[in-house]
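For reference, the structure discussed in these notes is given below.
Quick note: the coordinates plus some simple rules give every number you see, no bench work behind them. Fair warning: this is a prediction, and the values are worked out from it, not measured in the lab. Methodologically, a virtual Cβ is constructed for each residue, glycine included, from the backbone with ideal geometry; neighbour enumeration extends over all protein chains shown.
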């Protein structure tokens, strides 16, 4: 079976399994927050003050400004990590450079620098940033929740990606590469079954010399067969009855009981054999008369 023999639903099953496996690995390891960051922010006050810094008239941000915030799901230790961009001075301290920074907060979140209007005892960081966004519109605060990092969502994304890529796109690619179309590979026609291989059949094609015989050949073969039967007719070959029946059938002579001929000669031979003496170191030698060799 080649790739062109697989149906689209089979490709979809392969893609589903592969996507679930990939999503399971991603969900098990979680987001990679250890590499690719310039620093880890340790000051909650710096975080809150950097979020509310306004944007200048030209759309630029001041040094220390925090933007493009991503809120990650809680990890195994109960921490909620935030990743964002923060503006730092350049080498000449005139041009701002955005660097990737990470920062973790506790739940519930307890602000210390920028206090919301009506703080809640069970305030979350998402609610806190939403309150600051309404209170400081000039800061143009933007944040999002990384819902794709939730384990069940990661599995679902992997399954859908496998179905689309392997179950939907890949069969079309294989079809174009093997001479088919975007709808899938070209199906190979199965060879017709040869019933002549499975014993005699009414529809079986003749084989051997009889396959190419003509009417003239058949007539010549019948003449030869009749001639052979005529030559062998006297011997009863070919299943034909003989024209004449041999009436002189020999009779079987019955056996008559009586003494066997040569009875006296046989008795004399036995007596002579009994009178012989056998001698020899290796092979016995019969001597007539039972006489011993003279020393």
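Here is how the numbers come out for the structure above:
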{"quantity": "Computed lengthening from residue 79 to residue 145, 0.36 nm per intervening residue step minus Cα-Cα distance", "calculated": "22.3 nm"}
{"quantity": "Spin-label pair residue 44/residue 222, simplified geometry with 7 Å Cα→Cβ offset, distance in nm", "calculated": "11.6"}
{"quantity": "Förster-model FRET efficiency, 41 Å R0, residue 110 and residue 169, C-beta, rounded to 0.05", "calculated": "0.25"}
{"quantity": "Fully extended contour minus Cα-Cα distance, from residue 153 to residue 231, at 0.36 nm per residue", "calculated": "18.4 nm"}
{"quantity": "Share, in percent, of DSSP beta bridges within segment 39-145 that are antiparallel, nearest 5", "calculated": "75"}
